[in-house]
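Values in this text are rule-based calculations from the coordinates and carry no lab data. Since this is a predicted model, take the numbers as computed values, not measurements. Glycine gets a Cβ as well: all are built from the backbone with ideal geometry, and neighbour counts include every protein chain shown.
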Amino acid sequence: MKRVLLIEDLPQVAQHLQSMLAREKEIEVAGVQSDPAAAVAQIATEKPDIVMLDGFLGGKQDFSVALDVAKRIRAASAGTRIIVVTVPQKGLDPKAEATVDAVFVLPGGANELAQVLGVGKAARPQNGLMIAVYSPKGGTGKTTLAVNLATVLRRQGKSVALMDGVMQFGSVRHVLQVPPATRSFVDLPTAGAMRTSLAEVLWEGPSGVHVLLAPGKAEEVDLIQGGDIGNAMSMLAESHDYVIVDTPSRLTEDALAILDAANLILMIVTYMNATVAQARSAIDTFEALGYKGQKPILLVVNQADTASGMSKNAVEHALNLPIIGEIPTDWKTVSDSLNKQQPFVIGAPQSPISRSVEALAHGLVTQQRK
């Protein structure tokens, strides 16, 4: 059941939308607000699944007020889906507005409404982008970047799953405040039965990111098959815009299962000769596996401002791959983040390192649209 809050200051329009929503079995109306401030306060407290927002609040002839309210809604509840209600004469492109998830054009019918709500027959698999965050060398900040990237995408209004693919010992559970008894991958049944239990095993992490944890005990890794890892990623992609997977550095069966299933490989490197050499070896392996040409392989340079004698152009030339992001060094912010087990994009959102992860997220969204 999805809870929907209406923000509408025209009583007749509010009544019409309520009547339409009442016919949807999977929808519960959480209320109607005509005052944006009261609506944002309710959203901050109740966290509804969806907000339907009048595009012309206060009688405005443009979307200025509505988009401002949308920003406040996003800040109050990052996981709430925002649908702007408009008319044919006043179009709005949700892809151009980071705070808007969808647009409902009056006088739309039940099918159009179900489509923007994501219910009924319209609730088809999303086929979200599965991103394997990989580095052939340990210590490059791979896990930290995966966690913060997932958090940024979620705070931008995307539905995001974060999967700890380092099945032995795990990695994500050590950088987040995960309760000891939290369920993990090992609690999932195998094959097709996995779908019915997946939602129960996911843990809600920072900003509403859905986290699928690796087993808590090293010996439990023997209970997991490579095929189940790929299945879990595909099933997560059916209900999330992005599936971010922290991938083991060694190309074991688990790692290859992740890389096979991924739509995109994000390789973390540094401007160090040893790291670039290891990345070159990994790319050669990817080519042998047939990845090159089949799926994008993009580079992210961590600690990009550390002097090492290598340049962006030199690394792109050496690896014959594009660099999509450069992350600066900030030992204090990262250390504080790891010690507090809180993503630095939440604890220090204005820092240069957080801004660089936001830019990386924007680049990935652009890549997906292409």
*Which angle from 0 to 90°, rounded to the nearest 10, does the C-alpha axis of helix 64-76 make with the longest principal axis of the chain?*
50
*Phi to ³J(HN,Hα) by Karplus 6.51 cos²θ - 1.76 cosθ + 1.60 over segment 47-63, Hz, x for Gly, Pro*: 6, x, 5, 9, 10, 9, 10, 4, x, 10, 4, x, x, 5, 9, 10, 9
*Residue farthest toward the positive end of the dipole of the chain, with Cβ of Lys/Arg at +1 and Asp/Glu at -1: which of Ser234, Gln12, Val186?*
Gln12
*For the chain, what is the charge dipole size about the Cα centre, in debye to the nearest 20, if Lys and Arg each add +1 at the Cβ and Asp and Glu each add -1 at the Cβ?*
400
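Using only alpha carbon pairs under 8 Å that are at least six residues apart, calculate the relative contact order of the chain and give it in whole percent. Provide the component values of the computation, followed by the final result.
On the way: 673 pairs, mean separation 55.1, N = 370.
About 15 percent, as a whole number.
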*asked:* Distance between the C-alpha centers of segment 191-252 and segment 150-165? Whole Å please.
replied: 13
*Counting Lys and Arg as +1 and Asp and Glu as -1, what is the net charge of the other residues whose Cβ lies under 13 Å from the Cβ of Val243?*
-2
*Summed side-chain charge close to Pro180 - residues other than Pro180 whose Cβ falls under 13 Å, Lys, Arg +1, Asp, Glu -1*: +3
_Test of understanding: what is the full-extension gain from Lys292 to Asp62, defined as 0.36 nm times their sequence separation minus their Cα-Cα distance?_
78.2 nm
*Residues with amide H under 5 Å of Val29's amide H, sequence separation 5 or more or different chain, H placed in the peptide plane at 1.01 Å from N; which?*
Val4
_Amide H contacts of Ile82 (H built 1.01 Å from N, under 5 Å, at least 5 apart or other chain)_ = Val51, Asp101, Ala102
*Calculate for the chain the 222 nm mean residue ellipticity that helices alone would give, adding -39,500 (n - 2.57) per DSSP H run of length 4 or more and normalising by residue count, nearest 500 deg cm²/dmol.*
-12000 deg cm²/dmol
*segment 2-122 shape via C-alpha gyration tensor axes, a/c threshold 1.5*: rounded
*Order of Trp331, Trp203 - criterion: other Cβ atoms within 10 Å of each residue's Cβ, fewest first*: Trp331, Trp203
*Can you pull the one-decimal nm distance between simple spin-label points at Ser19 and Lys47, each 7 Å off the Cα toward Cβ?*
3.5
*Per the Kirkwood formula on distinct C-alpha pairs, the Rh of the chain is how many angstrom?*
21.9
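Give, in nm to one decimal, the length gained when the segment between Leu10 and Asp187 is fully stretched (0.36 nm per residue of separation minus the Cα-Cα distance).
Values: separation 177, 0.36 × 177 = 63.72 nm, distance 4.92 nm.
Computed gain between Leu10 and Asp187 is 58.8 nm.
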*asked:* Can you tell me, using C-alpha contacts under 8 Å and at least 6 residues apart, the relative contact order of segment 260-370 as a whole percent?
replied: 24
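Return the FRET efficiency for the residue pair Glu28, Arg250: r is the Cβ-Cβ distance, R0 is 35 Å, and the value is rounded to the nearest 0.05.
For Glu28 and Arg250, the calculated efficiency is 0.15.
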